[in-house]
Every structure is written in C-alpha cells, then in structure tokens.
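Quick notes on the structure that follows.
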Amino acid sequence: MHAQLTLAQLPIGSAAFIHSLPTGRVGLTRLRELGLTPGARVTMVRRAPLGEPIEITVRGSHIAMRDHEAQHIGITHVEQAFNPAQSTTTQA
Amino acid sequence: MSETPLLAIVGNPNCGKTTLFNLLTGLRQKVANYPGVTVEKKIGECWSQHGKKLRLIDLPGAYSLNARSPDEAVLRDVLLGRREDTPRPDRVVIVVDAANLERNLYLASQVLELGLPTVIALNMVDVAEEKQWLINVPKLAEELGVPVVTMQATTGKGLLELKAAMSREELPKPRWHSAPLPEVIRAALHGIRAELLLSGAVHENTSLLEPLYLLSDHDPLRAGIQDVHLGQIQRGRHALEAANSGWEDQLVNDRYTAIEKLCQKVLNRPDQELPSLTQKLDHWLLHPWLGGLTVLAILVFLFYLIFKVAEGPMGWIEAAFAALGSWVTGAMPPGDLRDLIVDGAINGVSGVVIFLPQILILFFFIGIMEDTGYMARLAFIMDRLMSIVGLNGKAFLPFLSSYACAVPGVMATRTIDSPKDRLITILVAPLASCSARLPVYLLLISAFMPNSVSIWAKASIMVGLYALGTLGAFFFAWLLNKGVMRGANAPMILEMPTYKMPSLKSILLLVWQRAKAFLARAGTVIFGISILIWAASTYPKTDSPDASIRLEKSIAGRAGHLIEPVIAPLGYDWKIGIGLIGSFAAREVFVNTMSVVYAVEAEEEDMTPLRDHLRAETRADGKPVYSPLVCISLLVFYVFAMQCVSTMAIVKRETNSWGWMWFQLFFMTGTAYVLALGIYQIGTALGY
C-alpha cells in the first residue's frame, strides 16, 4: 500500500478529496472550520514565489497555509484538473 | 423591542461588514477599545426610513464562535452577553459573502443557533453572479427562517431593503439548527453546565451553547473565565474529551455536512471554478518573479511617498509652528511663561505633529492595500522570508512601516491575529531605523568623515546603519520566538480574498481614526514630556548671557554630569549626555540640544555650523571629542536605543501592559549600551 498522499504533495492545478486530518490539533481544527473537512474537494492553486506557503481552494474560498500544516492533511483521488492559470499562460 | 434597539453586525473577515457599517452610520460612529483587550469597538447610529433610531455595533470579523483570537473571543462574548461593558444585542445582522457562501454559512449558522432575531445581508451578489453562482434567495430565507436581503455594500445597492428589514417591528427568531449535538457530547455538556451554573460562570437559563463555546476556546483566560472557574473549565474539557476525544472536529464536520445539504438546495454553481478577474490578476501579482517585482515596486513607491512627497507638508507644519512661535514671542512680554509656551509647548508639539504627514500617507497606503485585498498577497509573498525568524507574512507591513515611524508600525500590528506574533512584532519594530533617526545619522556621519570622503562612503555608512537595525530586529524576533516567549506558534493560515475596488470613504475614515488616536495619545504624552525637558534645561536659572553655560547649570546639564560616569566608557562626555537625555523625548531632538549645548545657531536644513563645531570640539588632552570611534559608538547607540516617548505610549496602549513597554525600553537601550561599550572599548584597545 502507498504511503498516504498529503495536500503538500498535490501538484499545482490538480484537485483531490480530503481523506483525513488528525484530530485534536488547534491549527488543523481551524482549517476544518475554514472548510477542509474529510470529503471536501480541494484544488492546489499555486505556491508562493519563495516556495511556501501554498494557496488552495476549497468550497469556493482561497486559503493559504504552510507545508507544516498541509503535510498532515491526507488526500485521495487526485485528478488533473482544468487549470485557469495554465490557459492564460498559453495565451500570453 | 426597546426604544433604540442595539443591532450587532456580524460576519467573516473580508465579507464587506465594515463597509456596510460605514455605509449605514456614515460619520456617526465612535471608536474605542474593549476594556482589557486591544480589539476595536465601533458603535454607531442610523435611522430607519420611519425615523426610528437604531444603534449599531460593528463586531470584529471572525470565522467561528470557537474563538482562536482576542477578536473572535470578543464576538462570542458580546453575542452571549458575557461582556459587562457591552449590552447583549437585541438583533443581529449577519453579513454573508454570497461569493463564498458555504464557508460564510459556517459562522452564520453558529450565530443563528444562538436564537437572536436576525437579518441576513447577502453581500457581494455581483461577485457571485460573475462566478455564475445561482442562489435561490427565497429558499435560503425559508430554510434559515430569517429574512435574507441581497445587496452590494460597495455601491449601496440593497441598502434600503436591508434597513427596512432591520427595523421591522417583529423579526422572526431563526428556525435553523444544523445538526443535533451528538448524545454523548450533549450529556457531558449538561453536566458541565450544571456545574458552571452553580458558581455563576454562565448565565441562568443558558443553552448548552454557552458552555460549549467557552470550552472550545483553548485559552481559558481569554474566555473571560475567572480564576475560580478555571478548574471547572478544565474538568469540563476533560469530561468532553472522555466522552468523545474528537468532539471539536466532529462538531465541525457535522456542521459542514448540514451546510452542504443546505447548499444543495439553494446554490447552483459550475463544477469548475471559472477564471475570475481575481484569478487573472493573481496569475501576474503572485507570479514567481513578477510577484516579487511588484512588491518591490510598491515598496519603492511607498518610500518615495513617505520620504519625498511628505517633505512638503512637513515643511508647512514646521513653518506654521515657527510662525506661531514667533507670533507668541512678539505678543507676550518676555519671561518664563513665554519661554514655556514657545520653547516648551509649541516646540515639543511641533516635533510630534511634524510626523503626521508620514503617518497619514502610511495609513492611507495600508488602507488601500487592506481594502483591495492586496495585503493578503503581500503577506503570502513575504511569509517565507518572515518565517526565517519565526514570524509570519502578516508581520511584514507593520515592520516595514516602522522605517517611517514606529508609531503607525505598532498600530498596524492589529492585523496580525496570533497574539504571540503580534507582541514580538511590536517589540522589535522600533529597531527599524525610523525617519527621526535620520537627522542624527546625518549629523554624526558628517561630523567624523572629512569633506574629502566621497558621498558614496557616507551613503554606505548610512545603509550599514539601516542594515544593522534590520538585523537587530530579526535577531531579537528570532530570540524572543525561540527563547523568551512561551506558547506555541499559531499556524499561518491566510485567506486570500477576492480583489475589490477600494472604498475611499472607508479608507479616509480609517486614516482619520488612526490619526486622531496618534495625536491624542502620543500628543498628550509628548506635550507633557516636552514641558518637562524644557523645564529641566531651563531651571534652576543662572544669569549668564551664554546659553551653553545656562544649560550646563540647569537640571539637564547636571544630569549630563551625573550620568557621565555611566557613559564615559562608551566614549561620551557630559555634553553628549545632555543630548542623550533630550533624545528620550524624540531622537531628532539631539540635533537641537547639541546646538544649544555648543551655542551654535543650527537648523535642521543646514547642519554645517554645528558639524564644524563638533569637528573642532576637543577633550582636555587635545584629542577631538567626536573621533570616528566615538561617532560610530554613538551611531550604534542610536540604532538600538529606545528613545521615543510616542512609541512607548503606543506600545503601552497596544500591548495593554506597562510591563512590555518597560521590557522593550530596557532590552533595546541595554543592547545599545552594550554594543556601544564594546565598540568603544575594543576600538580604543586596538589604538583607534
């Protein structure tokens, strides 16, 4: 069996479903309250110019967090999603 | 409903809540702090169409009633009626960002469950439309059981309908309940409530929600729990943990499950997010290298405004105070009272007010960045750099502002939601070389470097001083983070809001409120200190015609002699001592004080006579007082020392603590002393 894939490893432009978050950790509870609950669909939008933090979208809102948090968030069903950023790149 | 009902405006950060509040109240609002915390309390008034007066309170933006910051704790406590200084609101207006409906419904549903009569203002419907989100508003109102008014706070569309709903005679109590509490949690909460009721820690007749939200705050002191109840709260948490170890997370999941069901009924949106204007802008503004370049360009522009554009108004203020001074001089008979007014009061106040243009520009700039949504992007880009010293991206702008003046910098730390990060930023921000240090740097650099030295060498010394202050700030941030300050770092979680057009009215209002706070707090303190320093350098009076001798015999002059043994190891004589004492009001006073000490006519614009005098000043053994070594020691002292009463007053206000203010004074000035001592002693030993 593969090691659990985490949100920190999700390629830019791809989407996945949240599989698990460890319970009982203050920072992760706040991320849950912002919509990152198991089963929610997340898309990796970008990484900051210096590599961190990451920007993701979940339930229509855009949230930035560091790898330190993202690497605790397990994901499944990674799909290569349509990426609006890429389409503008090809035009440019 | 009482005569003038109190309506609370509640919502997520970035939902347009404050814009709506400003729109409703205009200038009829009062801003203060909630006693005991540095959270802004905004109260205002407005009239309904029927001429009925409504009182409004703009509660701090929050994501959840499970408080994680002082702001969120205030929201929770006001809504639960737990703050003695604020009555429990009669009605609630929940502002919901239509373009971020699901997430906004999280807090909205929590507030609805508190059972207060509620109106929902469904804001930013234009942005939702642009995203091709279809919201069934009647269905949403039916499901929640409260009126839902669509609106656009930025243009004022829907405002009349909202006012009408707010002032309705009868407002229904919400019908919404997300999910029943799981039985084990409910049972545990019943027990905890009973125990809390016994000691009066919660209201009589309270629902289970009050104990629930108190227990979910991980900082029991923030929850306003008195010491006698702390044990109960701890036991309550243990009881809940025992009943269901993941209770907090389970409640979040249950709530989102209920919200998802609701959204399936009322919201129809495309499967994929459409490339919105925000996305297109972010593609460039957060681009790997264009993003960094944009930040740089904005900062260069900001510094151009602060140091170049502000010069004009600063000159006018100076001229106006000078004119006022000479008018008083002419109008009053000579004497102590005239000197007190002209040299003490007018001079002292002028020294503070002169920074007002820079402060106004800075707050205007910050306001635009906040209002457009760019501030979050700045934090996003700078976070990695700030994380090296243990801070997060939100600390960047407050720190940067401190290069103009630490006062607005410290005030701008309110955007940092982690209390620990905020405190560290406040403590290190004054190490950034502010514009008041500039005249001192200029004078001392020109004093010890001969005219023959190229301008580039002087400039590089200047850059070195700025770099030294910056490194010092980073070092102390790192040290405070690692060693001194206890408590875990809150994780960096940042929402990236949709870009929007800034509202000039809101920004000007913010600038006005901040400027008023600055003038009131710093102004009164500076006023007092200026008079003290004037008195110290005037009394006791001697009849000498020579101003420098009069100064020597005064309290300040004696104090200079008194501290000479302490500062002699740094290479300073008692005359420099007088300058240092004067600098505690504000650093740039050094220049004026030294010109009085040496009886030189000196103006800030033209320091040449004073510089020449400093160069010529010799010790008893014939060596120059202002040797390169002494000047460098003095420069380093000015980089690190806390010599600004305005900043101290603001730090006291923003940390709500005398202790942190004194701590900052001692660690900064202590560092300055030790470094200056090291430089002078090692330099002397090496034969410089």
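The values are calculated or read from the model by the stated rules, or taken from the named source; none is laboratory data. All values derive from a computational prediction rather than experimental measurement. A quick note on method: Cβ atoms are made from the backbone with ideal geometry, for glycine too, and the neighbour counts reach across all protein chains shown.
Among the residues of the range B:231-245, are any touching a Leu at 6+ places or on another chain (Cβ under 7 Å), within 11 Å of chain A (Cβ to nearest Cβ) and hydrophobic (A, V, I, L, M, F, W, C)? Looking through the range B:231-245, none of the residues is touching a Leu at 6+ places or on another chain (Cβ under 7 Å), within 11 Å of chain A (Cβ to nearest Cβ) and hydrophobic (A, V, I, L, M, F, W, C). Within the range B:553-570, the presence of a residue that is in a helix (DSSP H, G or I), closer than 30 Å to residue B:30 by Cα and modelled with pLDDT of 80 or more is excluded. Evaluated against (1) over 25 Å from residue B:366 (Cα atoms); (2) modelled with pLDDT of 85 or more; (3) surrounded by 20 or more Cβ atoms within 10 Å (Cβ to Cβ), residue B:446 falls short on exactly one condition, (2).
In the set (1) at the interface with another protein chain (Cβ under 7 Å from one of its Cβ atoms); (2) within 23 Å of residue B:250 (Cα to Cα); (3) without any contact (Cβ under 8 Å) to a residue 24 or more places away in the chain, residue A:48 fails one condition alone, (2). The single condition from (1) within 29 Å of the chain's Cα centre (by Cα); (2) closer than 25 Å to residue B:399 by Cβ; (3) surrounded by 12 or more Cβ atoms within 10 Å (Cβ to Cβ); (4) within 14 Å of chain A (Cβ to nearest Cβ) that residue B:288 fails is (1).
Scanning the range A:27-37 for residues that are at the interface with chain B (Cβ under 7 Å from one of its Cβ atoms) and either of a type in the set (Lys, Arg) or touching a residue at least 12 places away in the same chain (Cβ under 8 Å) (or both) returns A:27, A:30, A:31, A:32, A:34, A:35, A:37.
Elements of the type helices (runs of 4 or more DSSP H) sitting completely within the range B:419-535 and holding at least 2 residues that are in contact (Cβ under 8 Å) with a residue 24 or more places away in the chain and within 30 Å of residue A:58 (Cα to Cα): these cover B:419-428. Residues considered: B:399, B:365, B:355. Of these, the only one that is under 21 Å from residue B:592 (Cα atoms) and of a type in the set (Phe, Trp, Tyr) is B:355.
So that you can scan it fast, the table gives a plain yes or no per residue for (1) more than 21 Å from residue B:577 (Cα to Cα); (2) β-branched (Val, Ile, Thr); (3) surrounded by fewer than 18 Cβ atoms within 10 Å (Cβ to Cβ):
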{"residue": "B:625", "(1), (2), (3)": "no, yes, no"}
{"residue": "B:636", "(1), (2), (3)": "no, yes, no"}
{"residue": "B:657", "(1), (2), (3)": "yes, no, yes"}
{"residue": "B:660", "(1), (2), (3)": "yes, no, yes"}
{"residue": "B:663", "(1), (2), (3)": "yes, no, yes"}
{"residue": "B:669", "(1), (2), (3)": "no, yes, yes"}
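The helices (runs of 4 or more DSSP H) found entirely in the range B:294-403 that carry 2 or more residues being surrounded by fewer than 20 Cβ atoms within 10 Å (Cβ to Cβ) and either polar (S, T, N, Q) or within 14 Å of another protein chain (Cβ to nearest Cβ) (or both) are B:311-331, B:347-353, B:374-387.
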